[in-house]
C-alpha cells in the first residue's frame, strides 16, 4: 500500500513538472524597487543600519588609514593569529603597512578578513559569494569577521546588489550568494536573544573611500 501511494505521489510530481504554471500576475514582475529611495548618502544609511544590528562600522579615507585602524585594533585586542585566503587583500594591506601573522587554521584564528561583493545600505548587509577566494566558510566559522569594502560597492537595495553580481559573473554566477548582517543571533532559547551562537560573535566592516 505504501509503495502504491509513493508511486502516485511521484507520478503527480512528474506531471506537474511537465506542465509549468504560468505567472498569475505577469505585469507585476519588473525591475523597479518597491522601496522608497534613500534620503541620505548610502554610506550613512549603511552605517546606521549595520550598527543597529550590533555590527562595528568604521570609515577609512584611504587604504593607509585602513591599515592604521587595523593596527590599532590588533594592539587593543592583542590578536596574534589572522586568517585570510584573499591574496589581493593581503597584498593591499601589506602595501598599506599592515602585516599580520596569518594562520591556516580558521577554527583557532583570532579574526578572519574577507572582502565582499557589495554592501546593501537599506538593510546594513554585506553580500558574500562562493566566488570569492575566502570561500563559503570564512565569514561563518571565524570568531570575528572583518569585512573590507569600498564605497563604490555600495548599493541601496538587494536587487541592485544581485544585478551587480549578474553583470560581474554572467553565466558563471556563483553557486552561493549570502547576506551577512551583523553577528549571528537567535532567540530560540526561552525567547532570549543570544548573539554569536551560529557564527561570528563580532562583525566589523571597514569601508574605504573610493
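Of note:
- Each peptide in 114-125, 42-53 gets a packing score, the mean of other Cβ atoms within 10 Å over its residues, and the list from highest to lowest is 114-125, 42-53.
- Sorted largest first, extent of the stretch 24-173 alpha carbons per principal axis (Å): 56, 34, 26
No lab work stands behind these numbers, since they all come straight from the coordinates. None of the values given here were measured: they were computed from a predicted structure. Positions of Cβ are generated from backbone atoms using ideal geometry, with glycine treated the same way; all protein chains shown enter the neighbour counts.
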